[in-house]
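Report on the structure given below.
Nothing in this text is a laboratory measurement; each read-out follows from the coordinates by a stated rule. A quick note: this is a predicted structure, and the numbers were derived from the prediction, not measured. Cβ coordinates were reconstructed from backbone atoms using ideal geometry, including for glycine residues, and neighbour counts include every protein chain displayed.
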Amino acid sequence: MTDVVATTPGLFPLPDWAKSELSDLKGHQKGDLVSGDELPEVTDAYGRAREEMVDEQRGAGLDRVVEGQARWDDMLAHPLTVHENVETGGIVRYYDNNNFYRDPRVVGELTFSGDVGVELDHAVELLDDDPLQTVLPGPYTLANLATDEYYGDEAEFLAAVAEFLAGEIDAFPAHETLYLLEPSLVTNPPGDGRDERASDAIDEVAAATDADVVVHTYWEAFEEKPYAHLMDAGVDAIGFDLVTADREATFECINEYGTKDDIGLGLVDGQNTRVEEPETVAERVEWVHDRVPAAEFDTTYVSHNTEPFYLPVNRHREKLATLAEGARLARSEGVEL
Amino acid sequence: MSRNPGNREGFRPDDHPTEAFLLTTVVGSYPKPRWLNRATDLAEDDDADFDAVDLTEAHDDACRVITHEHERAGLDTVVDGEMRREEMVEFFAGRIDGYEFNGPVKVWGHNYFDKPSVVDEVAYDEPWLVDEFEFTDAVASRPVKVPITGPYTLANWAFNEAYDSDEELSYALADLVNEEVEKLVEAGARYVQIDEPALATTPDDHAIVGECLDRIVSDIPEDVRIGLHVCYGDYSRIYPEINDYPIDEFDVELCNGDYEQIETFADGAFAPDLALGVVDAHTAEVEPVSEIKANIRQGLKVVPPEKLTVSPDCGLKLLPREIAYGKTENMVQAAREVEAELDAGEIDVDDPLATAD
């Protein structure tokens, strides 16, 4: 029998008070976004936003608690846009969304930053015994979102990004789970040679932690070869988008190439305000089990498909409760995965 | 196929000095007078002695001022600068049954928008724009253009909870836009612009936008000019398909990209009239007349003068007001000078850049 774990891919919407307080404090232009050396009053506002984000997860009863990444103005590009050897260029579109981030132009060596580790240290202070889940962009995605003006070679740049992320993880506090978000791996899949390097890079990042690692993907289903290579990486689970991505293609991939002992299921829509019923979540967990008859999973992670920052806060909170209750129902019904 | 672009002659002023006529217009939004922003804040303040009636009066005043400012700049067709609208989706979603608002969502950094959710079948209740059109038409001495956010953008820039697909929602909204355009035409409107910026982000949906336009223009008389405005996209992905759209005019920003994409349209088969952006909406410097004249000539690569409309790239609302005015005034001046040069045979329309300054 599988353990069903309710969690999220991180990157929460800011509470509405924080949206207005921080826009008043920071401004609206490119140059006003988080740089890594914020003013004390900005740090204080983010501290209060973090506390609220942690509280809302604990209140909802999620099985993993994330820091919430309130400071990630540039979404998944954040670890680079605050780096001292990265300059931020123009505003560029974030995948196929009406959202934008600053183009991180890497102009020097990707040395240790520690920015994310500091956030997580603050989050730990807010937890009792709740298991912490950390969240990072996967190396392929982070390299894909950035512009390299220093390494000059795609393979070398990807390796440098992986080494950078592994170094950041070294400075993380103890955590139960690490989610590596890799949307680019499916929306802009790597071709021959690059697919193997993407898998190696993920392997290197995953090796930096003792925690369980979930490589979570969204918006599209996998292409076969990148998936087959990813199966060689030392990760505990691959996460699939079962809301937006082509489900038949996803099941075909899993049934053809197998998957890890654990699985991540993106079942709640992070980009639509329609709030799912917990029963629906539980049914979908069972439905996945039906569609993957050959596999048994030790742990099933149940989450949104995408980051939930696209949502207004009221619906976001309702969906956290849906996830927690849906996973509880799936557990109590003893879904055999 | 395009409708009846010849209806542009209806907008030629009686005293137009030249044979050539480049219709001058604007996309729609314009910087709000600072006092209007203060009035809006006051209306939201429960402690202030300033209510909805006062705000309506402030809106009326602002519409009057900006309509006249457009006339002073010499435009052939004018807009009220969208003084009553805060945001192009919110404004309409607030007037259409079936939408609800749940709070702000992030666009980028600390820029948010109150992205609505479609929670029920969309339906037409009260007219959206008829009152504002009648007001502006009464204060204007030039023909008034009415910009409306298009159904595809109203669908895609909302959360869709109620329809099986965004396509289905787009068509339902297109029927409502058709109803509104009918009412505007009854009220006397002769120039309507459908704004579809969302098409630029998902150009593969051009057929959906085409079907929406078919529904919008259904039973709308051909003397009513229908424009389509799209901005900041890769146009090779929607051209030549737009030649099949039932529109009179395609309005596009190309000044921002220094006309790199003009060749996309210059295949000699461009069907609707071209409304070309000839001043940049996102630079805070007023382009000199000579530069704008060269930009206008770019348009002649695509269409002959009798099919060329000139406008700014996009709405000017983010600019300082004096810059927006300067751009508009210089744009009209540039158009009038190009018209005179066309009359004098000084521009070779088969090689329009040859005589560029």
* Structure fact -> Label model pair residue A:32, residue A:149: point-to-point distance (7 angstrom along the Cα→beta-carbon line) in nm is 2.4
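Compute the length gained on full extension between residue B:44 and residue B:95: take 0.36 nm times their separation in residues and subtract their Cα-Cα distance, giving the result in nm to one decimal. Walk me through the numbers on the way to the answer.
Numbers: separation 51, 0.36 × 51 = 18.36 nm, distance 1.90 nm.
My answer for the length gained is 16.5 nm.
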* In units of 2.2 N^0.38 Å, what is the alpha-carbon radius of gyration of the stretch A:1-55? -> 1.47
* Once amide H atoms are built 1.01 Å from N in the peptide plane, which residues 5 or more positions from residue B:77, or in another chain, come under 5 Å H to H? -> B:24
* To do: Return the calculated 222 nm mean residue ellipticity for chain B, to the nearest 500 deg cm²/dmol, obtained by summing -39500 (n - 2.57) across DSSP H runs with n ≥ 4 and dividing by the residue count.
  => -11000 deg cm²/dmol
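Considering every pair of different Cα atoms, what Kirkwood radius, in Å, is found for the stretch B:206-354? Present the calculation step by step, with values, prior to reporting the outcome.
On the way: mean 1/r = 0.0624 Å⁻¹.
It works out to 16.0 Å.
Using alpha carbon coordinates only, what is the Rg to Rh ratio of the stretch A:241-283, with Rh defined as the Kirkwood radius? Can you show the working numbers first?
Numbers: Rg = 12.1 Å, Rh = 11.9 Å.
In the stretch A:241-283, Rg relative to Rh is 1.02.
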* Asked: Taking the alpha carbon gyration tensor of the stretch B:221-304, what are the square roots of 5 times its eigenvalues, largest first, to the nearest whole Å?
  -> 22, 14, 13
* To do: Would you calculate the separation in nanometres between label points at residue A:170 and residue B:139, each defined as 7 Å from the Cα along the Cα-to-beta-carbon direction?
  => 6.6
* **Convex hull volume per residue in cubic angstrom - Cα atoms of the stretch A:175-233** => 68
* Structure fact -> Log10 I(q)/I(0) at q = 0.16, 0.17, 0.24 Å⁻¹ for the stretch B:33-140, from Debye over equal alpha-carbon scatterers, is -0.92, -1.01, -1.26
* Asked: Size of chain B along its principal axes in angstrom, Cα-based, largest extent first?
  -> 61, 46, 43
* Asked: When the scattering of the stretch A:3-332 is computed by the Debye formula from its Cα atoms alone, each counted once and equally, what is log10 I(q)/I(0) at q = 0.08 Å⁻¹?
  -> -0.33
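Any chance you could run the full-extension gain for residue B:354 through residue B:218? It's 0.36 nm times the residue separation minus the Cα-Cα distance, nm to one decimal.
Numbers: separation 136, 0.36 × 136 = 48.96 nm, distance 4.21 nm.
Taking residue B:354 through residue B:218 to full extension adds about 44.8 nm, to one decimal.
Over the stretch B:149-212, consider all pairs of different Cα atoms and compute the Kirkwood hydrodynamic radius from their mean reciprocal separation; express it in Å, one decimal. Numbers along the way, then the final one.
On the way: mean 1/r = 0.0816 Å⁻¹.
Averaging 1/r across every pair of different Cα atoms and inverting gives 12.3 Å.
How long is the gain from residue B:202 to residue B:56 if the chain were fully straight, where each residue apart is worth 0.36 nm and the alpha carbon distance is subtracted?
Numbers: separation 146, 0.36 × 146 = 52.56 nm, distance 3.67 nm.
Computed gain between residue B:202 and residue B:56 is 48.9 nm.
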* In peptide B:95-107, how many Cβ atoms from other protein chains are near each Cβ within 10 Å, on average? -> 4
* Using only helices, what value at 222 nm comes out for chain A when you add -39,500 (n - 2.57) per DSSP H run of length 4 or more and divide by the total residues, to the nearest 500 deg cm²/dmol? -> -13000 deg cm²/dmol
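Taking the inverse of the average 1/r across all pairs of different Cα atoms in the stretch A:1-147, what Kirkwood radius in Å do you get? Display every interim value, and only then the final one.
Working: mean 1/r = 0.0614 Å⁻¹.
For the stretch A:1-147, inverting the mean 1/r across all distinct Cα pairs yields 16.3 Å.
Relative to the compact globular guide of 2.2 N^0.38 Å, what is the alpha carbon radius of gyration of the protein assembly as shown, as a ratio?
On the way: Rg = 27.5 Å, N = 694, 2.2 N^0.38 = 26.4 Å.
For the protein assembly as shown, the normalised Cα radius of gyration comes out at 1.04.
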